[in-house]
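Inspection log for the structure reproduced underneath, given as structure tokens.
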Amino acid sequence: MSTIESKRWTRVEYERLIDLGVFGPGDRLELLGGQLIVAEPQGAEHYSAVRRVTRALEAAFGPGWEVRPEGPIALDEESEPEPDAAVVPGSSEDYRFAHPARPVLAVEVAVSSLALDRTQKASLYARAGVADYWIVNLVDGVVEVHRDPARDAEAPYGWTYASVDVLSPGASIAPLAAPASRIAVSALVP
């Protein structure tokens, strides 16, 4: 019996394919751990939630921070996810020639991607040292707050988050990088 081999891609190879026009704006792909993954489709509920999250984060962080909706993050040599929102220092001009590598907060909005966001993406973000990772879980109407990256041999990429809090719409949360700003969970989840 023969085995099937797949090609593992580096971030540099992936970006070169994009530059060559192999993938276009309609191709919803992400590079996760060397594999090209089809991203969750943009349904109305998902898109509306991404807009809510973006507005809430812009208000919470203010000047000196760039909130990037659905933009690539150069996590490591084999991963370039496109979180639904990421907060990075500076402005969009700071990233004209290269994608940011270290967001202070990554947010995924989940409907059909909930399992992927909890396992694969959480492990990648933890491995990259992203201290604050949120999943706006539209399935259950909660926000899952992942913090404290820690090694875990059982996790897909050898890392996970030691702390996971599940917050209901009556709660609020302060981003680690903007501790004086509180965001109502109800502003993120309808």
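Readers should treat all values here as calculations from the given coordinates under stated rules, not as data from a laboratory. Since this is a predicted model, take the numbers as computed values, not measurements. Every residue, glycine as well, gets a Cβ built from its backbone with ideal geometry; the counts of neighbours run over all protein chains shown.
Annotation note: chymotrypsin sites (Phe, Trp or Tyr not before Pro) in the range 63-136 located in DSSP loop regions with a Cβ neighbour count of at most 15 within 10 Å are PHE97. Ranked by how many other Cβ atoms sit within 10 Å of their own Cβ, fewest first, the residues VAL104, VAL111, VAL38 fall in the order VAL38, VAL111, VAL104. When you work out D = kT/(6 pi eta Rh) for the range 1-114 at 4 °C and 1.567 mPa s, using the Kirkwood radius from C-alpha pairs as Rh and the Stokes-Einstein form, the result is 85 µm²/s.
For the pair ASP165 and GLU58, the difference between a 0.36 nm per residue extended length and the Cα-Cα distance amounts to 36.3 nm. In whole Hz and in residue order, list the ³J(HN,Hα) couplings for the range 97-111 that follow from phi through the Karplus curve 6.51 cos²θ - 1.76 cosθ + 1.60, θ = phi - 60°; x for Gly and Pro. Listing the rounded values in order: 10, 7, 5, x, 10, 10, x, 7, 8, 10, 10, 10, 9, 10, 10 Hz.
Please arrange GLU5, GLU66, GLU45 by how many other C-beta atoms lie within 10 Å of their C-beta, fewest to most.
Working: GLU5 6, GLU66 19, GLU45 12.
Ordered by Cβ neighbours within 10 Å, fewest first: GLU5, GLU45, GLU66.
Stretching PHE97 away from ILE37 to a fully extended chain increases their span by 19.2 nm, per 0.36 nm per residue minus the current alpha-carbon distance. Put in order of Cβ neighbour count within 10 Å, fewest first, the listed residues LYS121, LYS7 become LYS7, LYS121. Charge dipole (Cα centre; +1 on Lys/Arg Cβ, -1 on Asp/Glu Cβ; no other charges) of the range 16-62 amounts to roughly 140 debye.
Toward the positive end of the charge dipole of the chain, with +1 on the Cβ of Lys and Arg and -1 on the Cβ of Asp and Glu, the farthest Cα among ALA174, VAL53, VAL67 is that of ALA174.
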